[in-house]
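Structure, as structure tokens:
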Amino acid sequence: MCCVFLKTSDVCSLASAGPRSHDPGHLSGQFFFEYLVVVGLKRKAEAGSYEPQITYQFPKRDSLAKFQKEEEEKSLKAIALFCFPEGVNWAPLTEYPSETFSFVLTEVDGSRRNGYCRRLLPSGRGARPPEAYCIISRLACFGLFSKIFDEVEKRRQKSMAMIYPFMQSLREAPVPAPGNTVKITSFIPESGTEIISLTRPVDSRLEHVDFRALFRCLGDEEVLEVFAATVLERRIIFIADELSTLSQVLHAVAALLYPFAWQHTFISIVPTVLIDVVMAPTPYLLGITSRMRDSITDTSDVSGRQVTITEDEDTIIPPKLQEELLQALGSRKKNSTEEELNKVVSEAFLSFFVKTVGHFTGHVRRRGGSQTAIFHKEKFCKAAEPKANRPFVTLFSKTQMFDIFIQHVERNPHQEGFFHKKIAAYQKAEKTKGGWARGRVV
């Protein structure tokens, strides 16, 4: 198990104790969201004990069949838990800074829905518990939904009834393609008619990602250690005080794997009632709040800037490529914008995969008379250059994320995407300077 302690400072501690899919976004033409729910904390009989309870839902889905209602009730119960993952021990508050975070709901068929949540203190006098607004959507775009929450929060301050017309307009609006904008018209008493512009980032791979939180919490070398543990599908737990830090860091780590995707358990914020998931023997990426830390590991030897490595996370990545990654990450500007940082980081790790496994294209062979192909793994591993890369390539070829990627290639041997273009450009450059070059699918 690898435990990563996240602190909102320049460097954090990483304790490694041994040895799913980042969703890059969806196509336009669908609803912005499935539904919005408001989750409040209902006082229980026990003193100081509260239970999360859904107090508002839009749209109402009254025409569902019995089995559909049962499934929806299960989903809504899970949503309430994820909105208040810390458990039942709350106290009324007079001040509470709003925070936005996200989580992922995995269905039985493996499909995933994104939950975007903003917690805040409802208007009123005296001490009161916070409430949470949660939007469930197939669309993975954290920044876009943060802006939507700004509008929801603005309307909630005036009246709960004002949320409905805005969300109805949003639901009726088409989801824009990456790089495009949709405009929502909404009326607010005393303010008049407003036009709200919602724009998706041009690069849909990164529209759910903000690497700033990751590099605020971890140093560059520690990021590489986390990447090494993730790329070999180990059990990794992230621990932080803030829910927003957990969700942003976990999604950022998953994004480092592109063009591959995490295939195992992914829970950006683990509710208290699900803490036993840390005992699972299979790979996972989990986010745990600091108050739950004592229930999962002895952290007495982890403090300050200390980094304790008890496995091989610091040696998995070939030395030369490790130097290149650190050099690329070190080239970022101190005050980089979100877009600038995302570009530097994503390009660095994409280049790593191009150089280590990009030669897979030369080991995919078409089946005779078929539209599918077959991949020759053994030849692929032996062909890795330079030889120093082969131990990593051999280990990585045994992961589920690599296996799933190759299965897709075998089913669609002539379907070439962004990764293929990067490989082709690299091979062309290497061939020009008399270096390494690989073949294509035949």
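The values are calculated or read from the model by the stated rules, or taken from the named source; none is laboratory data. Computed from a predicted model, the values in this text were never measured in an experiment. Cβ coordinates were reconstructed from backbone atoms using ideal geometry, including for glycine residues, and neighbour counts include every protein chain displayed. These accessible areas exclude ligands, DNA and RNA; they are computed on the full protein's heavy atoms, side chains included. Shrake-Rupley method; radii C 1.70, N 1.55, O 1.52, S 1.80 Å.
Condition check ((1) out of contact with any Ser or Thr (no Cβ under 6 Å at 6 or more places or on another chain); (2) over 26 Å from GLU86 (Cα atoms)) across all residues:
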{"position": "ARG128", "(1), (2)": "yes, no"}
{"position": "ILE135", "(1), (2)": "yes, no"}
{"position": "SER159", "(1), (2)": "yes, yes"}
{"position": "ILE163", "(1), (2)": "yes, yes"}
{"position": "PHE187", "(1), (2)": "no, yes"}
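Which of the residues spanning the stretch 201-211 are modelled with pLDDT of 85 or more and in contact with an Asp or Glu (Cβ under 6 Å, 6 or more places away or on another chain)?
The first filter runs over the stretch 201-211 and keeps only residues modelled with pLDDT of 85 or more, leaving 209-211.
Matches in the stretch 201-211: ASP210 only.
Of the numbered conditions (1) at pLDDT below 80; (2) open to solvent by 50 Å² or more (accessible area, probe 1.4 Å); (3) touching a strand residue (DSSP E or B) at 6+ places or on another chain (Cβ under 8 Å), PHE67 satisfies every one except a single condition; which is it?
Result: PHE67 passes all but (3).
With respect to ARG216, is the statement that it is open to solvent by 10 Å² or more (accessible area, probe 1.4 Å) and in contact with a strand residue (DSSP E or B) (Cβ under 9 Å, 6 or more places away or on another chain) true?
When the stated conditions are applied, ARG216 does not pass them.
Which condition number in (1) surrounded by fewer than 23 Cβ atoms within 10 Å (Cβ to Cβ); (2) over 27 Å from LYS343 (Cα atoms); (3) out of contact with any Cys (no Cβ under 8 Å at 6 or more places or on another chain) is the one that ARG235 fails?
For ARG235, the exception is condition (3).
Could you look through the stretch 146-163, keep only residues that are touching a Leu at 6+ places or on another chain (Cβ under 8 Å) and open to solvent by less than 10 Å² (accessible area, probe 1.4 Å), and pick out the one that is nearest to ARG200 (Cα to Cα)?
Per the stated criteria, the residue is ILE148.
So, in the stretch 333-373, how many residues would count as being in a helix (DSSP H, G or I), closer than 19 Å to PRO259 by Cβ and of a type in the set (A, V, I, L, M)?
Of the residues in that region, 6 qualify.
Answer yes or no: is there a residue in the stretch 95-117 that is modelled with pLDDT of 80 or more, over 22 Å from the mean Cα position of the chain (by Cα), under 24 Å from PRO165 (Cβ atoms) and open to solvent by less than 30 Å² (accessible area, probe 1.4 Å).
The answer is no, given that none of the residues of the stretch 95-117 is modelled with pLDDT of 80 or more, over 22 Å from the mean Cα position of the chain (by Cα), under 24 Å from PRO165 (Cβ atoms) and open to solvent by less than 30 Å² (accessible area, probe 1.4 Å).
Quick check on the stretch 385-397. Is at least one of its residues surrounded by fewer than 16 Cβ atoms within 10 Å (Cβ to Cβ), under 28 Å from GLU313 (Cα atoms) and in contact with a helix residue (DSSP H, G or I) (Cβ under 7 Å, 6 or more places away or on another chain)?
yes
Would you please name the residue that is farthest from PHE142 (Cα to Cα), looking only at residues in the stretch 347-367 that are at pLDDT 85 or above and open to solvent by 20 Å² or more (accessible area, probe 1.4 Å)?
Restricting to residues being at pLDDT 85 or above and open to solvent by 20 Å² or more (accessible area, probe 1.4 Å), the top hit is ARG365.
Can you name every residue in the stretch 165-211 that is of a type in the set (Gly, Ala, Ser) and open to solvent by 60 Å² or more (accessible area, probe 1.4 Å)?
Once the filter is applied, which keeps residues that are of a type in the set (Gly, Ala, Ser) and open to solvent by 60 Å² or more (accessible area, probe 1.4 Å), the stretch 165-211 yields only SER191.
Among the residues of the stretch 173-194, count how many are in a loop (DSSP other than H, G, I, E, B) and under 27 Å from the mean Cα position of the chain (by Cα).
Within the stretch 173-194, residues that are in a loop (DSSP other than H, G, I, E, B) and under 27 Å from the mean Cα position of the chain (by Cα) number 8.
So, in the stretch 119-143, how many residues would count as being surrounded by fewer than 22 Cβ atoms within 10 Å (Cβ to Cβ) and within 25 Å of VAL202 (Cα to Cα)?
Here the count works out to 4.
Pull up the stretch 398-428, narrow it to residues that are part of a helix (DSSP H, G or I) and at pLDDT below 90, then point me to the one that is surrounded by the most Cβ atoms within 10 Å (Cβ to Cβ).
Applying the filter and picking the extreme gives GLN427.
Among the residues that make up the stretch 374-389, is at least one of them farther than 30 Å from ALA213 by Cβ, acidic (Asp, Glu) and outside any helix (DSSP H, G or I)?
Keep residues of the stretch 374-389 that are farther than 30 Å from ALA213 by Cβ, which gives 374-389.
Okay, now just the ones that are also acidic (Asp, Glu), so 378, 385.
Applying the additional criterion that residues be outside any helix (DSSP H, G or I) yields 385.
So far as the stretch 374-389 goes, yes, one or more of its residues are farther than 30 Å from ALA213 by Cβ, acidic (Asp, Glu) and outside any helix (DSSP H, G or I).
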